[in-house]
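What follows is a set of notes on a single structure, which appears directly below.
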């Protein structure tokens with residue numbers, strides 16, 4: 001494989017990150033955990049990449065409002081300085097993430113630049129004879145699987161990252177991206193953990209859940225229908241994982257493709273609305289499952305995205321993307337739902 005662009009100055013691909021601010025000490029310590037400091041720069045860069053991705057989440061509000069930078073509050077999220085991001089307030093967008101990653105690379109004397117394409121940001125670095133592009137917030141898929149997820153999600157599921165790639169010359173497109181793990185480079189063992197196959201991993205968890213004596217179908221009455229059983233498995237799998245909003249819906253979208261046949265996907269719908277209860281810490285989940293083999297539903301799934309963080313709004317995963325609904329629209333989504341098989345109200349539980 002012939003490297004692309006290695007003879008060019010790194011500044012060809014972007015601008016250096018220069019800032020007087022930095023994350024807090026606890027955040028830095030967590031991202032720098034188990035760094036292979038005695039190894040090469042590429043191994044350090046890759047370990048920093050994986051560690052950073054484990055501790056940050058993509059911003060629900062930024063995704064839900066269509067990343068519309070004409071909205072003032074989205075501009076503030078987009079321009080959020082990296083010193084305000086910590087292990088608790090850990091939601092980022094592409095710009096924040098790229099600046100965080102560049103900060104850590106600079107801290108370890110690994111030259112890098114930040115590339116801006118439209119409103120999207122990623123990081124480029126030059127190591128081991130290649131130009132590498134690091135982009136954890138873009139949704140992509142690897143050559144060995146069909147599941148599209150960003151690396152912020154993949155890192156939390158034990159899956160191999162797809163967003164750290166070398167630029168390779170290609171006669172047709174000029175340059176193509178090849179995963180860092182496919183280059184045969186000398187990487188520290190700490191970066192070459194045993195990543196798992198998504199489908200194998202999910203099936204193993206499902207077996208453990210279904211064989212567990214304490215396993216219970218949450219929010220769904222006893223029923224043996226395969227479709228509703230699979231929905232309950234999705235709920236339980238999400239409860240097994242420590243995933244935030246956007247990572248959770250990315251996982252859901254993939255689980256649906258694993259657990260349901262293509263035919264089933266065309267005839268099912270799932271809506272879950274979370275509303276505030278009487279107490280400050282109480283929330284009700286209204287869960288509606290629709291499955292009609294005689295009516296094409298075109299793979300419709302709605303999921304609320306946690307506690308509303310803007311007054312009057314719920315974040316909803318709908319038809320493969322995240323959007324916001326007012327409380328009135330959320331209630332209407334339930335009222336307008338047709339062919340209802342199950343309608344359950346509860347004070348606990350919920351997949352998210």
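So which residues in the range 67-80 are under 25 Å from residue 26 (Cα atoms) and part of a helix (DSSP H, G or I)?
Residues satisfying the conditions are 76, 77, 78.
Filter the range 4-56 for residues that are crowded, with 20+ Cβ neighbours inside 10 Å, over 21 Å from the mean Cα position of the chain (by Cα) and assigned to a helix (DSSP H, G or I) and give the result.
13, 42, 43, 44
Taking the stated definitions as given, is residue 175 modelled with pLDDT under 95, on the phi < 0 side of the Ramachandran plot and part of a helix (DSSP H, G or I)?
No, not satisfied.
I'd like the residue in the range 150-168 that is buried (at least 24 other Cβ atoms within 10 Å of the Cβ) and more than 27 Å from residue 129 (Cβ to Cβ) and, out of all such residues, is modelled with the highest pLDDT.
Looking at residues that are buried (at least 24 other Cβ atoms within 10 Å of the Cβ) and more than 27 Å from residue 129 (Cβ to Cβ), I get 152.
The values are calculated or read from the model by the stated rules, or taken from the named source; none is laboratory data. On a predicted model such as this, the values are computed, not experimentally measured, just so you know. Quick reminder, even Gly has a Cβ in these numbers, built from the backbone with ideal geometry, and neighbours come from all protein chains shown.
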